[in-house]
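The values are calculated or read from the model by the stated rules, or taken from the named source; none is laboratory data. What you are looking at is a predicted structure, and each value in this text was computed from that prediction instead of being measured. Counting neighbours? That spans all protein chains shown, and the Cβs are built from the backbone with ideal geometry, glycine included.
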Amino acid sequence: MKRILYVLLVFVMILGVGIATVSAEKEIPDVIKIGMISTISGEQALDGQNMTDAIKLVQKELEASGGLDVDGKKVKIEFVIEDCEAKPEIAVNAAQKLIEQDHVLAIIGPNNSGDTIASAEISQAAKIPQITNTGTNEAVTKVGDYIFRACFIDPFQGKVVATFAYDNLKVTKAAAIYDNADTYSAGLDKAFVDAFEKLGGTVVANEAFSGAEVKDFSAQLINIKNAKPEAVFVPAHISNIPLILQQIRGMGIDAILLGCDSWDYAALPDLVGKDVIEGAYYVTGFSPEAETAAEFVKAFTELAGYRPSFCSAMAYEAAHIVLNAIQRAKTIDGPGIRDAMMETDLDLPSGHVRFDENRNPIKAGVILQVKDGVAHYVTSVLPEE
């Protein structure tokens, strides 16, 4: 009899522990902190402003609804924002602070590939999910299974530009100018060149400069001019784009201008000169003219005073991907949120979003053309593998 009672007691104790564990797993805190790392200052400060304004809109939405609804409980969401100045070593420090001092459960950003790859090592080791809004280099999500992105990857983006140029614009001779000191720029250049040549086109000049501080591109552009391309691809950051495009036209190169997602700013035509950028095409992952974006564009423009860019749209989407994952997570911690993010199935401003096995979103590339100082939708491109 004693033996039976002992077995029953052990069983009850085990059952009790199991119940307690289940309850603990579903414990919902009153406040959840989410980090954001961005280039608030430095050469890419415009990106930082776009990201910050996107997060402000998310905060406004949360405040209007009384917090994030998690299983019927309203949870306060606090965004902790850190400036990485477009410097990988500072991005690393920012990730460490957010995780070790602020105890965030997820990180949004940074907005470029180099900073994202560096900081992602910290998040991966701590098992904290991190989602970059515009870190497009393929290596980003290869850091580990806690690293996601809201945007497409460079091989895809480069392939979209090449396909559009070759198939739609009937360009057979192209040139490119890129920053070989920048992961994003160099990766995009390679993707474009490989894809364009595979399609049957010829890259007549592929010129490199080194560093965001470069201001004179005449040596590279002389070679491009002499090669007589029909189009010039410029996969650069916003800090370089105005000078490069101005010098292209100033040197008398009248080729079609092709760009990438880093061109997607409402202010770019004014920075470059509307006459300089008129007629240029660029690829992005978001069109403000899409029906799915109408509500977001209206709300963002009212709050920020300017039309959202690809950078701000993807920051907004990254935040909502994290928030939605928190609502669905079996446990409110890094692993639980990460698992829920893998099951993302959301309708967002850029369209329907879900992730592939490498935590990259599945979506088409969007081609915009600048006319009278405004970028307008041209077509969507989903290149063949």
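If we keep just the residues of the range 251-276 that are of a type in the set (D, E, K, R) and out of contact with any strand residue (DSSP E or B) (no Cβ under 6 Å at 6 or more places or on another chain), which is surrounded by the most Cβ atoms within 10 Å (Cβ to Cβ)?
Applying the filter and picking the extreme gives Lys274.
Could you tell me how many of the residues in the range 351-377 are under 16 Å from Ser309 (Cα atoms) and surrounded by fewer than 19 Cβ atoms within 10 Å (Cβ to Cβ)?
5
With the requirement that a residue be in contact (Cβ under 8 Å) with a residue 24 or more places away in the chain and small (Gly, Ala, Ser), what does the range 214-253 give you?
Within the range 214-253, Ser218, Ala227, Ala231, Ala236, Ser239, Gly252 meet the criteria.
Residues are listed down the side, and each one gets a yes or a no for (1) under 19 Å from Ala150 (Cα atoms); (2) at pLDDT 95 or above; (3) more than 20 Å from the chain's Cα centre (by Cα):
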site: Tyr282; (1), (2), (3): yes, yes, no
site: Gly285; (1), (2), (3): yes, no, no
site: Phe296; (1), (2), (3): yes, yes, no
site: Ala304; (1), (2), (3): no, yes, no
site: Ala318; (1), (2), (3): yes, yes, no
site: Leu323; (1), (2), (3): yes, yes, no
site: Lys330; (1), (2), (3): no, yes, yes
site: Ala340; (1), (2), (3): yes, yes, no
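So, Lys76, is that one surrounded by fewer than 20 Cβ atoms within 10 Å (Cβ to Cβ), modelled with pLDDT of 95 or more and not in a strand (DSSP E or B) or not?
For Lys76, the condition - surrounded by fewer than 20 Cβ atoms within 10 Å (Cβ to Cβ), modelled with pLDDT of 95 or more and not in a strand (DSSP E or B) - is not met.
Against the definition (more than 26 Å from Ala86 (Cα to Cα) and small (Gly, Ala, Ser)), how does Gly259 come out, yes or no?
On the way: more than 26 Å from Ala86 (Cα to Cα): no; small (Gly, Ala, Ser): yes.
No, not satisfied.
I want to confirm something. Restricting to the range 306-316 and keeping residues that are among the aliphatic types (A, V, I, L, M) and within 14 Å of Ser287 (Cα to Cα), which single residue is farthest from the chain's Cα centre (by Cα)?
So the residue we want is Ala313.
Name the residues in the range 103-144 that are charged (D, E, K, R), touching a helix residue (DSSP H, G or I) at 6+ places or on another chain (Cβ under 7 Å) and either surrounded by fewer than 24 Cβ atoms within 10 Å (Cβ to Cβ) or under 18 Å from Arg354 (Cα atoms) (or both), would you?
Glu121, Lys127, Glu138
Would you check which residues across the range 269-295 are part of a helix (DSSP H, G or I) and touching a residue at least 60 places away in the same chain (Cβ under 8 Å) and list them?
Pro269, Asp270, Lys274, Ile277
Report whether or not Glu302 is part of a helix (DSSP H, G or I), under 26 Å from Phe152 (Cα atoms), in the same structural domain as Asn111 (by TED's automatic domain parsing) and not hydroxyl-bearing (Ser, Thr, Tyr). Write out each step before concluding.
On the way: part of a helix (DSSP H, G or I): yes; under 26 Å from Phe152 (Cα atoms): no; in the same structural domain as Asn111 (by TED's automatic domain parsing): yes; not hydroxyl-bearing (Ser, Thr, Tyr): yes.
For Glu302, the condition - part of a helix (DSSP H, G or I), under 26 Å from Phe152 (Cα atoms), in the same structural domain as Asn111 (by TED's automatic domain parsing) and not hydroxyl-bearing (Ser, Thr, Tyr) - is not met.
Mind listing just one residue for me: the one in the range 80-112 that is without any contact (Cβ under 8 Å) to a residue 60 or more places away in the chain and assigned to a strand (DSSP E or B) and, of those, nearest to Ala313 (Cα to Cα)?
Among those residues, the one meeting the criterion is Ile81.
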